Structure formats: structure tokens, C-alpha cells
1. Within the range 67-76, is there a residue that is surrounded by fewer than 21 Cβ atoms within 10 Å (Cβ to Cβ), of a type in the set (Gly, Ala, Ser) and in contact with a strand residue (DSSP E or B) (Cβ under 9 Å, 6 or more places away or on another chain)?
2. Which residue out of GLY160, GLY180 is at pLDDT below 95, of a type outside the set (A, V, I, L, M) and either in the same structural domain as ARG123 (by TED's automatic domain parsing) or within 16 Å of GLU120 (Cα to Cα) (or both)?
3. Could you give every pair whose Cβ atoms fall below 6 Å, whose first residue belongs to the range 53-74 and is outside any helix (DSSP H, G or I), and whose second residue is of a type in the set (A, V, I, L, M, F, W, C), counting only separations of at least 6 or pairs across chains?
4. So is ARG124 within 23 Å of THR205 (Cβ to Cβ), without any contact (Cβ under 8 Å) to a residue 40 or more places away in the chain, in a helix (DSSP H, G or I) and not small (Gly, Ala, Ser) or not?
5. Within the range 130-149, does at least one residue satisfy the condition of being of a type in the set (Lys, Arg), in a loop (DSSP other than H, G, I, E, B), in contact with a helix residue (DSSP H, G or I) (Cβ under 8 Å, 6 or more places away or on another chain) and in the same structural domain as ALA212 (by TED's automatic domain parsing)?
6. Looking at the range 15-38 only, could you name the residues that are in contact with a strand residue (DSSP E or B) (Cβ under 7 Å, 6 or more places away or on another chain) and closer than 24 Å to SER211 by Cα?
7. Mind checking which residues of the range 223-240 are of a type outside the set (D, E, K, R) and not in a loop (DSSP other than H, G, I, E, B)?
8. Hey, GLY180 hits all of (1) out of contact with any Lys or Arg (no Cβ under 6 Å at 6 or more places or on another chain); (2) in contact (Cβ under 8 Å) with a residue 12 or more places away in the chain but one; which does it fall short on?
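The values are calculated or read from the model by the stated rules, or taken from the named source; none is laboratory data. All of these numbers come straight from a predicted model, not from anything done at the bench. Neighbour counts are summed over all protein chains in view; Cβ atoms, including those assigned to glycine, are modelled from backbone coordinates with ideal geometry.
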Amino acid sequence: MSIHVNPRRVTAPDIAARKGGAPIVALTSYHAHTAAIADKHCDFLLVGDSLGMVMHGYETTVPVPLELMVMHGRAVVRGSKRALVVVDMPFGTYEESPSMAFRNAARVMKETDCGAVKLEGGRRTAETTRYLVERGIPVMAHIGMTPQSINVLGGFKTQGRSRDQWEAIEEDARLVAEAGAFAVVLEAITAPLAERITKAIPIPTIGIGASAGCDGQILVMEDMLGISPDVPKFVKKFGAIGKAIDDAIADYAAEVRARTFPKAEHTYALKGNEASDKASEQATKKPKTSST
């Protein structure tokens, strides 16, 4: 009897070991079927709290509850086989204390079977990052433009446009690396700063709106597929899936209204003898005649 063995998943240490090597490929994923597709091409899949905006219509990521992250995390783990799955810790689930962060992160790890969690923030989450890593939870950091802090930042604003901001952002990167993060997302920061940070720290940098000089790249899948209506400047649309969906639904609606769908090949016939009896019955019916 043969035994099917699933391919070994990429782990957080595998990603950490890619520093300075072949570029790391990543995308967000929120459901099983897109995870199955992206799994063939990506080194890790991020179940980002951006799912609140992309999937659930929130204006920001702030309202996303932990339960939503767990539900989507489970789906992505089930849909993938090889890629590391990283789940965002949503706003309000880790800021209060390292022990609170551990309780919530442990729940995410246990209930989704993911391989790591992601925390936004540099120096303010360095202590928590260290606490989690020491207790067996791999942490990906996230600095620069941190969407959970949008109410403090005053919007989705690029970071590091002036050199007087660089020191603080570089310090964020250094501190999360020292705390044990296995990689760090650099979001919406200027290219020269992203390249400087990438050279300065020993863990991989994952750019999103940063620089091709980062150790890897990530985009929101719906953005790069052309499904999202409005996307940031840093997004390249690698597909036009939104238009394809619109065209397909328009064709479907037109055929339903014209009664050209479903055709015979899309419907079910009677089985065996019942089909023969029905055909015979129709053939022996006398045609109606009109009276004169």
C-alpha cells in the first residue's frame, strides 16, 4: 500500500535563511481556493487583516476581530500544502501586554495550524516579539506605514520621505531583528531607505511599496489581479480579473433574460426506462385539430 506524503511546508527558519539569496515571493490570501493556486508559486502566504477591507467592506483594518482572522487562517492552511502561512494579529489583540499577545497568538497558531504570526510596529512591539519567540511563536514584523495605526498617522501615508524620519524607522528595523523576528515587512517607505535597511539588518525584508532591493515582495492578491477598484501607486496589476468577472456576469445575465441558458446540455434528463416511456408517450399523442 502506497502512502501519500504531502510536501514539507516552508518554515519561518527557511524564510530567515533566504536573507540575501533568491528573492522571496509572497501574496496575501484569504480563502482556500486562492491559497491552492498561489501555493504553487509563493514562499509564504499572508492572511492579512486587509481581508477586512477586501472581503468584508471595512474602511480600515482596525475593526477586524480575531475570530475573523482565525476563520480565514484555517481556510488558507487547508487550501495550501507547501507555502508558509502567516496570520496577522489584528488591532487590539497584542498591544496591551506580552502575555495578552501570547494568549491570542497561541490561539491563532493552535486553531489555524499556521506557521507564524505578524505584528505591526517596531520598537513598541519589540518586547512582545521577543516574548512570543522565546515561547515558540515565530514572528514576522511590520514597520513603515502600519495600517492599524492609521488614526495616528492620519491616513495611508508614505514613510521616510524626509531624511529626518529615517533614524526612527531604521531603529524600528534593528530592534525587531534583535528581538528575534524572522523577517520584516517594509510598507510604503521610500526606496533608498528600504535598501539601506535591507543592507543593515540580518533578517529578510519583505517590500510592499518599498524597493526591488528588498529580500522579497508581497502584494494584496486582489490588487495585483485587478479585482480591487482602487489600488496604491506601488501596485502593478498583473491581471484584469475584475473585468473578466464583470464580463462573465454580464453574459450570464443576458442569457438568463433571453432564456438561452440553461440549454439541454446543462439540464438533467430522466433515467433509462422512464426516459423511453416519456418519449413513447409524446410520440403517440394525437395532435390537436381545430374545429371548422
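1. yes
2. Working: GLY180 fails: at pLDDT below 95.
None of the others qualify; the one that does is GLY160.
3. THR60/ILE150; VAL62/PHE91
4. Details: within 23 Å of THR205 (Cβ to Cβ): yes; without any contact (Cβ under 8 Å) to a residue 40 or more places away in the chain: yes; in a helix (DSSP H, G or I): yes; not small (Gly, Ala, Ser): yes.
Judged against the criteria, ARG124 is a match.
5. yes
6. ILE15, ALA16, ARG18, PRO23, ILE24, VAL25, ALA26, LEU27, THR28, SER29, ALA38
7. Hit for the range 223-240 is MET224, nothing else.
8. GLY180 satisfies every listed condition except (1).
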